[in-house]
Amino acid sequence: VGQYGVERKYDQLLRGRAGRKLIEVDALGHEKRTISVDKPQAGHDLYLTIDFDLQRLAEDLLGKEAGAIIALDPKTGETLALASRPSFDPNSLSRGLSSKEWRGILQDKRHPLTNRAIQGLYPPGSTFKIIMATAALETNGTDMPDTIQCIGRFRFGNRTFRDWKVNGHGSMNLHSAMTHSCDVYFYKMGNRLGIENIAKYATLFGLGEKTGIDLPSEKSGIVPSPKWKEQTRGEPWYPGDTISVAIGQGYVTVTPIQMAKVIATISNNGVAHQPQLVRGIRRRNTGAIETLPVPKPMSLGLQPNFVKNIQDSLASVVSNGTARQANSPLVTIAGKTGTSQVIALRSDKEKETPKEFRDHAWFVAYAPFENPQIAVAVLAEHSGHGGSAAAPLARQLIEAFIKKTGGKTQVSELRDLRKNGMRRAP
């Protein structure tokens with residue numbers, strides 16, 4: 001019986017049917033003769049979209065660190081890799097666990113039963129600036145100035161919101177603010193946009209709801225709004241709440257699979273595909289291989305020139321900005337770093353802070369920039385800055401994909417399978 005993941009989701013297809021043997025016995029229970037035998041039937045086979053080599057590499061890249069790595073084909077939504085660490089040996093469940101072993105798994109503070117790729121909820125940090133940039137361009141930023149001066153802080157009411165760069169970035173426009181991840185620029189943008197516009201575009205990208213990937217127990221995350229805060233916390237929305245959300249902090253939470261879908265959508269010119277894990281079924285009784293119906297893609301209706309502006313900014317993030325460690329001689333990568341705060345820390349005390357209180361590192365990316373074939377999201381828990389902790393992992397995964405495929409996509413592989421007899425399931 002499927003207990004976890006794909007095996008649980010597709011249990012009815014995989015399980016098969018138990019056999020039966022009807023026998024005649026005497027009064028003492030001794031077998032006299034066999035009346036009938038109904039042989040057991042094996043279940044059907046599933047063909048996954050997972051690329052085994054990429055999956056193994058993603059797991060190796062995470063090593064013993066907690067986090068998740070997801071790779072998608074942005075043109076189809078097929079999941080090439082979906083790794084979560086720490087994990088557990090699923091075979092141990094079928095072998096039978098002692099109560100002591102099961103308690104050990106349940107009480108493990110690192111939560112190995114949580115699939116962080118689809119169930120881990122984190123502030124998106126500066127990866128959320130992709131949403132903010134889209135909202136600003138599509139609404140004209142509610143008259144955001146072409147450039148602003150970043151002096152390292154933004155005074156709002158009786159609070160001071162600080163930039164990650166203490167002395168500021170100087171003159172910033174949208175392109176340079178994305179490239180160098182200028183917080184002050186997005187503080188001001190968030191104040192001008194307002195929470196309703198921010199929530200509208202976050203929801204448009206699929207945040208705050210499940211992606212629909214064919215795995216059980218996916219989490220939705222939170223797109224905060226005044227209505228949400230009133231219903232969940234019984235408090236009004238304060239303008240300062242918007243300032244925090246504008247850089248992916250505060251009440252907003254996402255899963256890594258959601259952010260993989262966001263970057264895949266941007267790379268695909270504003271067309272979103274639902275992530276999927278199972279490509280087809282092999283029927284044991286007939287041997288026929290059938291593809292599963294593919295969910296229809298959804299266009300977000302974004303202006304093509306605005307999407308191009310964001311794509312150019314994401315390429316600049318890697319070539320000249322906060323993700324230089326993702327720069328590759330093999331392929332042009334575009335992406336966005338993020339560092340999501342767990343607790344407020346003084347920068348000079350960061351190294352002294354226990355690991356469980358350090359920031360999470362994010363990096364979302366796609367490649368090749370000219371013709372995207374892979375979209376990646378990396379979340380490394382309590383690992384510090386996205387540019388140094390997460391970006392190199394994404395680069396290694398993307399380079400491995402390029403070396404292996406030479407740019408051949410899952411779409412062409414699926415076309416080959418269909419030529420060889422795979423047909424669509426009813």
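Distance distribution note for the chain: the fraction of Cα pairs above 42 angstrom is 20%. Near Ala199, within a Cβ-to-Cβ distance under 12 Å, what is the net charge of the other residues, with Lys and Arg +1 and Asp and Glu -1? Cβ neighbours under 12 Å give a net charge of +1. For the listed peptides 40-50, 17-27, 331-341, a ranking on the average number of other beta carbons within 10 Å per residue, highest first, reads 331-341, 40-50, 17-27.
Within the listed set Ala135, Ala288, Ala380, the Gaussian network model of the chain (springs between alpha-carbon atoms below 10 Å) gives the highest mean-square fluctuation for Ala288. Simple spin-label estimate for Asn173 and Gln12 gives 5.6 nm between the two label positions (7 Å along the Cα-to-Cβ direction from each Cα). As a ratio to 2.2 N^0.38 Å, the alpha-carbon radius of gyration for segment 96-158 is 2.10.
Tell me, how many Å apart are the Cα centres for segment 354-392 and for segment 25-55? About 44 Å separates the Cα centre of segment 354-392 from the one of segment 25-55. Rounded to the nearest 0.05, what FRET efficiency do Ser217 and Asp26 have when you use their Cβ-Cβ distance and R0 = 41 Å? Calculated transfer efficiency: 0.20. Taking amide H as placed 1.01 Å from N in the peptide plane, Leu48 has its amide H under 5 Å from the amide H of Arg279, each at least 5 places away in sequence or on another chain.
Each other residue within a Cβ distance under 15 Å of Gly63 adds +1 if Lys or Arg and -1 if Asp or Glu, for a net charge of +2. With coordinates expressed along the principal axes, the C-alpha atoms belonging to segment 119-278 extend over 50, 39, 27 Å, beginning with the largest. A cut-off of 5 Å between modelled amide H atoms, ignoring neighbours fewer than 5 places along the same chain, links Asp359 with Val342, Gly384. Treating r as the C-beta distance of Asn327 and Val1 and R0 as 45 Å, the FRET efficiency rounds to 0.40. Based on DSSP H segments of at least four residues, each scored -39500 (n - 2.57), the chain has a per-residue ellipticity at 222 nm of -9500 deg cm²/dmol. Each residue of segment 10-23 was assigned a 3J(HN,Hα) from its phi angle through the Karplus curve 6.51 cos²θ - 1.76 cosθ + 1.60 (θ = phi - 60°); the sequence is 10, 4, 5, 7, 7, 5, x, 9, 5, x, 9, 10, 9, 10 Hz, with glycine and proline shown as x.
Classified by the C-alpha gyration tensor, segment 175-240 has an oblate form. Its axis ratio a/c, with a ≥ b ≥ c, is 1.5 or above, and a/b does not exceed b/c.
Of interest is the spacing of the C-alpha centroids, which for segment 196-225 and segment 317-340 amounts to 25 Å. Couplings 3J(HN,Hα) of segment 266-277, computed from phi: 5, 5, 9, 6, x, 9, 9, 10, 6, x, 9, 10 Hz, in residue order, whole Hz [Karplus 6.51 cos²θ - 1.76 cosθ + 1.60, θ = phi - 60°; x for Gly and Pro]. For Ala272, the residues 5 or more places off, or on other chains, whose built amide H falls under 5 Å of its own are Met298, Ser299, Leu300.
FRET efficiency for the His111 to Arg56 pair, using the beta carbon distance and R₀ = 22 Å, is estimated at 0.45. Considering only Val294, Val223, Val317, the mean-square fluctuation computed in a Gaussian network model of the chain, springs between alpha carbons under 10 angstrom, is largest for Val294. The local environment of Pro224, defined by Cβ-Cβ distances under 13 Å, has a net charge of 0 under the rule Lys, Arg +1 and Asp, Glu -1. The stretch between Thr286 and Asn371 holds 26.7 nm of extra length on full extension. This uses 0.36 nm per residue minus the Cα-Cα distance. In order along segment 164-176, the Karplus-derived 3J(HN,Hα) couplings, from 6.51 cos²θ - 1.76 cosθ + 1.60 at θ = phi - 60°, round to 5, 9, 3, 8, x, 9, x, 6, 10, 10, 4, 4, 6 Hz, and Gly and Pro are given as x.
Only the coordinates and a few stated rules stand behind these numbers; no lab work does. Source: prediction; values computed, not measured. Cβ coordinates were reconstructed from backbone atoms using ideal geometry, including for glycine residues, and neighbour counts include every protein chain displayed.
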